[in-house]
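Okay, structure first, notes after.
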Amino acid sequence: MSKRKTVIRGGHVLQADGGALPRDILIEDGRIVAIEGAGFPVSADAEPVSANDRLLIPGLVNAHTHSHGALNRGAVEDRVSLEMFLTGAGASARSRGLEDKYLSAALSAAGMIRKGCTACFDLTVEFPEPSTDGIAAVARAYQDAGMRAVVAPMIADRTIYHALPGLLDALPDSLRPQFGRLAAAPIATTFKACNDILANWNFDARFIRPALGPSIPLHCSDDFLVECARLSREHGVRLQTHLAESRAQASLGRARCGISLVEHLDKLGFLSDRLSVAHAIWLESGDIRRLGECGVTVAHNPSSNLRLGSGVAPVREMLRAGVTVGIGTDASNTSDGQNMFEATRLASYLSRIDAFAADEWISAGEAFVMATEGSAKGLGFHEIGRIAAGYEADIVFLRLESTHFVPLRSPLLQMVFGENGASVDTVMVGGRVVFGEGKLLTLDEGQLRSRAEEAARRLDEANADLVVSGAKVARLVGAFCAAQGCELHSLPRKLRSL
Ligand SMILES: [Zn+2]
């Protein structure tokens, strides 16, 4: 059978030095096979795709998100910290049928593709426990959207009320029984589902792979974490967790374990090169070195960290220690636009708020490498993140007539500092155009919208009690966690994070 061939003509390919060169790209069966000077000869059966006046960049890779957040857009109030958010998180998962799970992932994928993202790591939660059908519905949404994804059931064996030492005691007597009674899914049920998911994966692993997502170390017993690590080894799949995202997690982690969370995870044998950790903000002395030695990658989520007031991750120190850092948006209920261009820009800008020496700042080039090659490593996809021969043809075409590119002097700088996704003209994944001329070509966005509005009305009604109960306790939980974090907060950031 002859190979499917495409040649992209007339584009300017972003270069490692920040410039762009006129280059044509030959693609065979979804992979880049040659990048050469404009007009280079190719066989007659190569289908031409025009990239005139377009900057060609590798598809952005979202190192951390949650597709279930898309149907929950607009439901998370302003000025809500991470733990306050978690008190109401049940409302973003309960009462959802398979179609809702599919719909939320499809909405999430549509938003990401529109903003130049071609692959993501999705920790998706189901209530009360993960299911093979539910995870398959999410994977099918990515397959239909034409995007790459790592799909992991997000799991835990403790609720927040049992995860944070002292929290239940701090609640008033009138509320303690109600929240103390809440329980996570039984461990055996959770792992049976996870085993089934991993053992019976029916999707093309070139595009969509399964993984495991123990949600937050404090929300998981040690046995639970050890079993997750074992399963990931046995099945050769990725693991992702939220690590030291908030000050309270770090200080309560130390209170529970007597050592830092990272040291504790290391002792459990949980740290490995299959693991990526989201956030990693409130690290202690020696933690970064330990993550680097174990080959753990970090998913830096600057927009979500700002939205939830979580803090600023010590990214320069990570890079210096040889840790691979990727960039994620987090879910669209805590990072509302799921915009990888914005997250990349913020990764660079945020590094400047407390580093006096300019050469300590994260450069535009470093941020872009994180958002592509760095994130790709976190996903375990080693053939994405670059426009190079041998790599998958995941390519985003940006319109060079957009104002921030005029006049064009420094394509990389003007993109990282000026682009917001509005210049995205065409998105190609594995050589297939999935977005073009302002439209998603794989999903019916009009239909997604009407289904989302209907689902939101139905789910909001079904989950109204959870919203009310979450609101009742959110301020108390927020105040408890803020108090836990005070000790860490009073230290200079450098001391906390080295
Ligand atoms: Zn997250």
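With a 1.4 Å probe and all protein chains left in place, how much accessible area per residue does the stretch 134-207 have, in Å²? Intermediate values should be presented prior to the final figure.
Details: 3010 Å² over 74 residues.
Counting only protein heavy atoms, the per-residue value for the stretch 134-207 is 41 Å².
Quick one: 3J(HN,Hα) in Hz for the stretch 77-82, Karplus 6.51/-1.76/1.60 with θ = phi - 60°, rounded, Gly and Pro as x.
Calculated HN-Hα couplings, in order: 5, 5, 6, 10, 7, 4 Hz.
Along the principal axes of its C-alpha atoms, what lengths does the chain span, in descending order and rounded to whole Å?
Extents along the principal axes: 76, 51, 42 Å.
Order 136-145, 434-443 from most to least packed using the mean count of other Cβ atoms within 10 Å.
Highest mean packing first, the order is 136-145, 434-443.
Rg/Rh for the stretch 309-383: what does it come to with C-alpha atoms and Rh from Kirkwood?
Numbers: Rg = 12.5 Å, Rh = 12.9 Å.
Using Cα coordinates only, the ratio equals 0.96.
How big is Rg to Rh over the stretch 57-152, alpha-carbon atoms, Rh as the Kirkwood inverse-mean-distance radius?
0.97
Relative contact order for the chain: what percent, with Cα pairs under 8 Å and sequence separation of 6 or more? All intermediate terms of the calculation are to be shown ahead of the outcome.
Working: 1066 pairs, mean separation 108.6, N = 498.
With pairs under 8 Å counted, the relative contact order is 22 percent.
Roughly how many Å² of residue 154 are accessible to a 1.4 Å probe, to the nearest 10?
That residue has around 40 Å² of solvent-accessible surface.
Could you check the spin-label model distance between residue 267 and residue 206? Points 7 Å from the Cα along Cα→Cβ, value in nm.
The two pseudo-label positions are separated by 4.6 nm.
What value, in deg cm²/dmol to 500, does the helix sum -39500 (n - 2.57) over DSSP H runs of n ≥ 4 give at 222 nm once divided by the residues of the chain?
-11500 deg cm²/dmol
Return the long-range amide H neighbours of residue 299 (sequence gap of 5 or more, or a different chain), with a cut-off of under 5 Å between placed amide H atoms.
Those qualifying (amide H under 5 Å, at least 5 residues apart or on another chain) are 277, 278, 279, 326.
If DNA, RNA and ligands are ignored and the probe is 1.4 Å, what is the ranking of 461, 77 by accessible area, most exposed first?
On the way: 461 150, 77 115 Å².
Result, largest first: 461, 77.
Helix 98-114 sits at what angle to the longest principal axis of the chain, using alpha carbons and giving 0 to 90 degrees rounded to 10?
Helix 98-114 and the main axis of the chain meet at about 50 degrees.
Quick one: Karplus J couplings for the stretch 279-290, per residue in order, coefficients 6.51, -1.76, 1.60, θ = phi - 60°, nearest Hz, x for Gly and Pro?
Values, residue by residue: 6, 6, 8, 9, 8, 9, 3, x, 5, 5, 4, 5 Hz.
Working with all protein chains in place, sort 336, 266 by solvent-accessible area computed with a 1.4 Å probe, largest first.
Descending order: 336, 266.
Taking only Cα atoms, what is the 0 to 90° angle, nearest 10, from helix 247-257's long axis to the longest principal axis of the chain?
With rounding to tens, the tilt is 60 degrees.
Can you tell me, using C-alpha contacts under 8 Å and at least 6 residues apart, the relative contact order of the stretch 267-395 as a whole percent?
Values: 209 pairs, mean separation 27.1, N = 129.
Computed over the stretch 267-395, the figure is 21 percent.
Taking 7 Å along the Cα-to-C-beta vector as the label spot, tell me the residue 99-residue 320 distance in nanometres, rounded to one decimal.
Calculated label separation equals 5.5 nm.
Quick one: 3J(HN,Hα) in Hz for the stretch 316-327, Karplus 6.51/-1.76/1.60 with θ = phi - 60°, rounded, Gly and Pro as x.
Here the 3J(HN,Hα) series is 4, 4, 5, 4, 4, 7, x, 7, 7, 10, x, 10 Hz.
Give the residues of the stretch 254-291 whose amide nitrogen is closer than 15 Å to a point set 7 Å from the Cα of residue 230 in the direction of its Cβ.
So the set is 268-270.
Can you give the extra length, in nm with one decimal, that the chain gains between residue 444 and residue 255 once fully stretched, where that is 0.36 nm per residue apart less the Cα-Cα distance?
63.1 nm
Relative to the longest principal axis of the chain, what angle (0 to 90°, nearest 10) does the C-alpha long axis of helix 464-489 take?
It works out to around 90 degrees.
Between residue 13 and residues 5 or more places away or on another chain, which pairs have amide H atoms under 5 Å apart, with H built 1.01 Å from N, and which residues are they?
So residue 13 has HN proximity to 21, 23, 56.
The values are calculated or read from the model by the stated rules, or taken from the named source; none is laboratory data. These numbers come from a predicted model, not from an experiment. Here Cβ is always computed from backbone atoms with ideal geometry, including for glycine, and neighbour counts include all displayed protein chains. Remember, those area values only see protein heavy atoms, side chains included, never the ligands or the DNA or RNA. Shrake-Rupley method; radii C 1.70, N 1.55, O 1.52, S 1.80 Å.
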